[in-house]
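A short write-up of the structure that comes next.
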Amino acid sequence: MDIKSLQDRFQEKVDAEIKIEPRDWMPDDYRKTLIRQISQHAHSEIVGMLPEGNWITRAPSLRRKLGLLAKVQDEAGHGLYLYSACETLGVERDDLFQQLNSGKAKYSSIFNYPTVTWADIGTVGWLVDGAAIMNQVPLCRCSYGPYARAMVRVCKEESFHQRQGFEILLTLSKGTEDQKAMLQDAVNRWWWPALMMFGPNDADSPHTARSMNWKIKRFTNDELRQKFVDVCVAQAEILNVTLPDPDLKFNEETGHYDFGAIDWDEFWAVVKGNGPCNKQRLVARNKAHDEGAWVREAAIAFAEKKKQREMAVAS
Amino acid sequence: MKNNWPLWEVFIRSRQGLNHKHVGSLHAADADMAIENARDVYTRRSEGVSIWVVPSEQITASNPDQKDELFDPAEDKVYRHPTFYDLPDGITHM
Amino acid sequence: MKKFEYVLRLADSPLILGQRLCEWCGHGPILEQDIALSNIALDLLGLSRNLFQYAAELKGGNVTEDDLAFTRQEREYQNFLICEQENGHWGKTLLRQFFFDVYQYYFLHALKNSSDERLAAIALKSIKEVTYHMRYSSEWVIRLGDGTTESHGKMLDALEALWPFTGELTQFDELDLEMEKIGVIKNLAQIPSQWTNKVIEILGMATLPIPEKGWMQKGGKSGVHTEAMGFILAEMQYMQRAYPGAKW
């Protein structure tokens, strides 16, 4: 079959909502796009463990410590499901790690911001996980089977993360003046970076159309961002916090909230490595990987010895 | 030097009476470790009562290019399905 | 109030060891093992929480689990010194875990026959967890001891560093014996030989030497800790100390 008919048949399947599976024929660019997107997604989960992980040892109560540890552990799990999905496309996790550790691969820029108070942990849960869920739910219907299945699992588990974050904030909102101030300060710092998580405006997002055609993407960046803003406003009221945007107001005509302009210079600065924590994040990932090398090597050596011994006994 | 742990496919029986179902993959140095890793990775929320792990390289899969010749011929064998056979009205328990 | 003291003692070791394991989250040698170690940390912290809740009830008044876990002075913590030792490398963490798991495995088996129903129930639940922990840490000790020359060497270092802190696991003080007298814990005398036999078995499989008995450090049960402890508490108690009385 020639390439044109393969491509047509592929697109017909995608259009008919038939999932593409690992061994099916797929256009090279589809494969590359998926590898890039899924691995970036996996990296984000893994790097995302760092800003939250650094509060586990300082969590203010046993209940919070358990909840936060379970959450950060889940993120390791999500990274793992996603690397697994990526491996079905013929790349090895180790190679993806190399790309991350060398600074070549991208991950969600939000994790280059520091978590400086306990309220940040709640806010990350509420806004960052909230934005992530908004992004991820449509991915459960992605045309690539293994990615879609991994996302179903991720979304199922992720729902407790956002609730946990919101509960942390709700407790602060009913607490002392110090706690309320801590809450407002955290929301002030995380609101705009959370909006940036949906990526550039549609006009500046060249691959969106193709990804939507391939059903890797179901909504545009701006559509998802608008949805997110709309749901957050009511939630912010319950928390008794102000969202730091003087232009935020309901538009009777559109039925949505209008919001102010995003500082894309900041977004691109962070993407390009100049966020407050880009360097620390990479150092931490490299350290874990490098210091784990002898452990991984020893485990392989031991497994090999064990196999040899079992064979010797059998013969 | 590469010392990557091999890839394993994981199958979980979610409760007694059901088949093991493929849930994903993971890396482990040996089979025992793969079982333990699968327990920690894929059954954190009581999703399983039994685990199988299989080295990914040991799986033989059918070729998707042969999908038509493998699976289409079954489609017109309607006589394998109970609805193919006509029965008079009023017959029950059949 | 003796029982209150005793329950606190039982809660402190899993708390401090769990706290140490939390430091690994996000920094493990491979994702799968990162997740595995967090599971153990969750089990330990869960156990300590059950015990602190019980201790708070025994104490009565408005005392909460968190008051007990987060606001005592260093001298009031009674965890084993081995639990507070620094993580070091993966092998040292797992060897520390192994020594503790073996103790905890036999200890909880003794505690499940406690005349105190609450403690017996807590022990029974945790036995399943510790059985898994002990298998997991044993396997890692064997794997690294008998892995490569490098890993063997690192395990020897870890053994040398940790061994002096193992004596405490099988030494019982007045409070322990008093609790045994009233049936809160049973058959303490069995634990030292059970611990030693298991440790000899696993170190042997790991091709690691069984160290001489040697000089053993102690102090955990009387609240005299190593220098590592103050830093653990500084971090762990930070929020409770900075915002006294706040709810989280």
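The values are calculated or read from the model by the stated rules, or taken from the named source; none is laboratory data. None of these values were measured; they are calculated from a predicted model. Cβ sites come from the backbone with ideal geometry, for glycine too, and all protein chains shown count toward neighbours. Just the protein is used for accessible areas: all its heavy atoms, side chains included, with ligands, DNA and RNA removed. Shrake-Rupley method; radii C 1.70, N 1.55, O 1.52, S 1.80 Å.
From Cα pairs below 8 angstrom and at least 6 apart in sequence, can you work out the relative contact order of region A:122-264, rounded to a whole percent?
In percent, rounded to a whole number, it is 27.
Karplus-derived 3J(HN,Hα) values for region C:56-69, using 6.51 cos²θ - 1.76 cosθ + 1.60 with θ = phi - 60°, are 5, 5, 5, 6, x, x, 9, 5, 10, 4, 6, 4, 6, 6 Hz; glycine and proline are entered as x.
Could you tell me the relative contact order of chain C? Use alpha-carbon pairs under 8 Å, at least six residues apart, and round to a whole percent.
Values: 317 pairs, mean separation 61.9, N = 248.
The value is 25 percent.
Measuring only protein heavy atoms, the 1.4 Å probe finds B:ARG13 accessible over about 60 Å².
Radius of gyration over Kirkwood radius for region B:2-84, both on Cα atoms: the Rg/Rh ratio is 1.16. A Stokes-Einstein calculation at 25 °C with viscosity 0.890 mPa s, built on the Kirkwood radius of the protein assembly as shown over Cα pairs, returns a diffusion coefficient of 89 µm²/s. Taking B:ALA29, B:ALA38, B:ALA61 in turn, the Gaussian network model of chain B (Cα-Cα springs below 10 Å) assigns the largest fluctuation to B:ALA61.
Cross-link pairs exceeding 27 Å between alpha carbons, from the set A:LYS306/C:LYS92; A:LYS215/B:LYS77; A:LYS65/C:LYS221; C:LYS2/C:LYS213; A:LYS13/A:LYS71; A:LYS13/B:LYS77: A:LYS215/B:LYS77; C:LYS2/C:LYS213; A:LYS13/A:LYS71.
Report, ordered by chain and residue number, the lysines lying within cross-link reach of B:LYS21, taken as a straight Cα distance under 17 Å and ignoring same-chain residues fewer than 8 apart. Cα-Cα hits under 17 Å: none found.
Cα extents for region A:164-315 along the principal axes, largest to smallest and rounded to whole angstrom: 81, 49, 32.
The magnitude of the dipole of chain A, with charges of +1 and -1 set on the Cβ of Lys/Arg and Asp/Glu and taken from the Cα centre, is near 1280 debye. From the largest down, chain C spans 57, 41, 32 angstrom on the principal axes of its Cα atoms. Based on Cα atoms of region C:1-58, Rg over Rh with Rh as the Kirkwood radius reads 1.14. One Cα centroid belongs to region B:1-60, the other to region A:218-296; the line between them spans 35 Å.
Note on chain C: with a GNM built from Cα contacts shorter than 10 Å, the maximum mean-square fluctuation among C:MET205, C:MET155, C:MET134 falls on C:MET205.
At q = 0.09, 0.20 Å⁻¹, what log₁₀ I(q)/I(0) does a Debye calculation on the Cα points of region C:74-178 give, no solvent, two decimals? Here log10 of I(q) over I(0) equals -0.27, -1.08. Principal-axis analysis of the Cα atoms of chain B puts helix B:31-42 at an angle of about 70° to the longest axis. If you sort the three axes of the alpha carbon gyration tensor as a ≥ b ≥ c, you get a/c of 1.5 or more for chain A and a/b no higher than b/c, which makes it oblate. Database remark: amide H of A:ILE20 closer than 5 angstrom to the amide H of A:TYR144, A:GLY145 (H placed geometrically; neighbours at sequence offset of 5 or more, or on other chains; Pro and chain starts carry no H). For B:HIS81, the solvent-accessible surface computed with a 1.4 Å probe is close to 100 Å², ligands and nucleic acids excluded.
With Cα atoms defining each centre, region C:128-170 and region C:79-124 are spaced 14 Å apart in the structure. Highest GNM mean-square fluctuation among C:HIS89, C:HIS133, C:HIS109, for chain C modelled with Cα contacts below 10 Å: C:HIS89. So how strong a dipole does region B:2-84 carry about its Cα centre when Lys and Arg Cβ are +1 and Asp and Glu Cβ are -1, to the nearest 20 debye? That gives region B:2-84 a dipole magnitude of about 480 debye. Both radii come from the Cα set of region A:159-249: Rg as radius of gyration, Rh as Kirkwood radius; their ratio Rg/Rh reads 1.07. A dipole drawn for the protein assembly as shown from +1 and -1 charges on Cβ atoms has a positive end, and of A:MET134, A:VAL187, C:LEU188 the residue lying farthest that way is C:LEU188. Using Cβ point charges alone (K and R +1, D and E -1), the dipole size of region A:1-96 about the Cα centre works out to roughly 660 debye.
From the helices alone, meaning DSSP H stretches of at least four residues, give me the mean residue ellipticity at 222 nm for chain A, per-run term -39500 (n - 2.57), in deg cm²/dmol to the nearest 500. Kindly include the intermediate steps, with their values, before the conclusion.
Numbers: 13 runs with 204 residues, N = 315.
Estimated from H runs of four or more residues: -21500 deg cm²/dmol.
Remark: for residue pairs A:LYS32/A:LYS156; A:LYS305/C:LYS154; A:LYS32/A:LYS217; A:LYS104/A:LYS272; A:LYS32/A:LYS279; C:LYS125/C:LYS186, the C-alpha separation exceeds 21 Å in A:LYS32/A:LYS156; A:LYS32/A:LYS279.
Name the residues of region B:1-28 whose accessible area, probed at 1.4 Å, falls by at least 50 Å² once all protein chains are in place instead of their chain on its own? Listed in order, they are B:ASN3, B:ASN4, B:TRP5, B:HIS27. For region B:2-84, relative contact order (Cα pairs under 8 Å, six or more residues apart, normalised by length) works out to 31 percent.
Between C:SER115, C:GLY28, C:ALA41, the Cα set farthest toward the positive side of the dipole of region C:1-149 (charges on each charged residue's Cβ, about the Cα centre) is that of C:SER115. Bridge orientation summary for the protein assembly as shown: considering DSSP beta bridges with both residues in this region, about 95 percent are antiparallel.
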